[in-house]
Amino acid sequence: MASPILVGIAIFEAISWLVLLSGVASLQAFCDDNDGIKCGVIYAFGWWITSFQFFVLVWAGFAACAPAKGLRKATVPLLVSVTAIMMVSSNDTYQELEGISVTSHRGENFKNRLRCYFAGLIMSMVFNFLWIILAGFDDESGDETPKNMSSTAPAPAAPAPGYGAGPMYVQSPPPTVVVDHSGPASH
């Protein structure tokens, strides 16, 4: 079962993804192909980032609830890659925000839409980083203590090789072998 901290991060990740989605969707809706800008080309990268983040969130949610540790470890490279891509996009978005004046033909409405997308990128990156850090605190050994054992009790001794095939941790006596060294019987 997932930890409460991980569930909290997942909830904020979902909220930040919705902000990211609304930002890129509002930019796409505002775009006008008459400006000489191909909207599908410009915002394709934003849509790809949004889709990739959604895939990673679904994967991470499944991996957090799955009993296999390998799925959780595979989540970290996905989170790192989508976060790195978001860093590039947020840098480009910030540069675009700084370059737009309120009096330009796009105006304040476009700048607010760009701010929404930028906020979604920043929020998603922050929670991705938190998720990566939390994954670093995961138990690396892969051994989980059985429910009927306390964590301070010593582990029972394993049966020695060659002993009987009883239940695990139960030693059967070694087989008794009688060897007659008296030679051929002379009766």
| task | Answer yes if at least one residue in segment 115-132 is modelled with pLDDT under 90, crowded, with 20+ Cβ neighbours inside 10 Å, within 19 Å of SER3 (Cα to Cα) and out of contact with any strand residue (DSSP E or B) (no Cβ under 8 Å at 6 or more places or on another chain), and no otherwise. | result | yes
| task | List the number of the failed condition for LYS69; all other conditions in (1) at pLDDT 75 or above; (2) under 19 Å from PRO4 (Cα atoms) hold. | result | (1)
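Yes or no: segment 2-25 includes at least one residue that is polar (S, T, N, Q), modelled with pLDDT under 85 and surrounded by 16 or more Cβ atoms within 10 Å (Cβ to Cβ). Steps first, answer last, please.
Initially, segment 2-25 is screened for residues polar (S, T, N, Q), giving 3, 16, 22.
Still in the list and also modelled with pLDDT under 85: 3.
Next, from what is left, pick out any that are surrounded by 16 or more Cβ atoms within 10 Å (Cβ to Cβ): none.
Scanning segment 2-25, I find no residue that is polar (S, T, N, Q), modelled with pLDDT under 85 and surrounded by 16 or more Cβ atoms within 10 Å (Cβ to Cβ), so the answer is no.
For the condition assigned to a loop (DSSP other than H, G, I, E, B), surrounded by 11 or more Cβ atoms within 10 Å (Cβ to Cβ), hydrophobic (A, V, I, L, M, F, W, C) and modelled with pLDDT under 85, what is the one hit in MET168, MET149? If you could, list the steps in order and put the result at the bottom.
Values: MET168 fails: surrounded by 11 or more Cβ atoms within 10 Å (Cβ to Cβ).
Being assigned to a loop (DSSP other than H, G, I, E, B), surrounded by 11 or more Cβ atoms within 10 Å (Cβ to Cβ), hydrophobic (A, V, I, L, M, F, W, C) and modelled with pLDDT under 85 holds for just one of MET168, MET149, which is MET149.
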| Give me the pairs: first residue in segment 56-78 and within 13 Å of GLY136 (Cα to Cα), second residue modelled with pLDDT of 80 or more and small (Gly, Ala, Ser), beta-carbon distance under 6 Å, and six or more apart or on different chains, which are they? | ARG72/ALA63; THR75/ALA60; THR75/ALA63
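The values are calculated or read from the model by the stated rules, or taken from the named source; none is laboratory data. Here the structure is a predicted model, which means the values were calculated and not measured. So basically every Cβ, Gly included, is an ideal-geometry build from the backbone, and we count neighbours across all protein chains shown.
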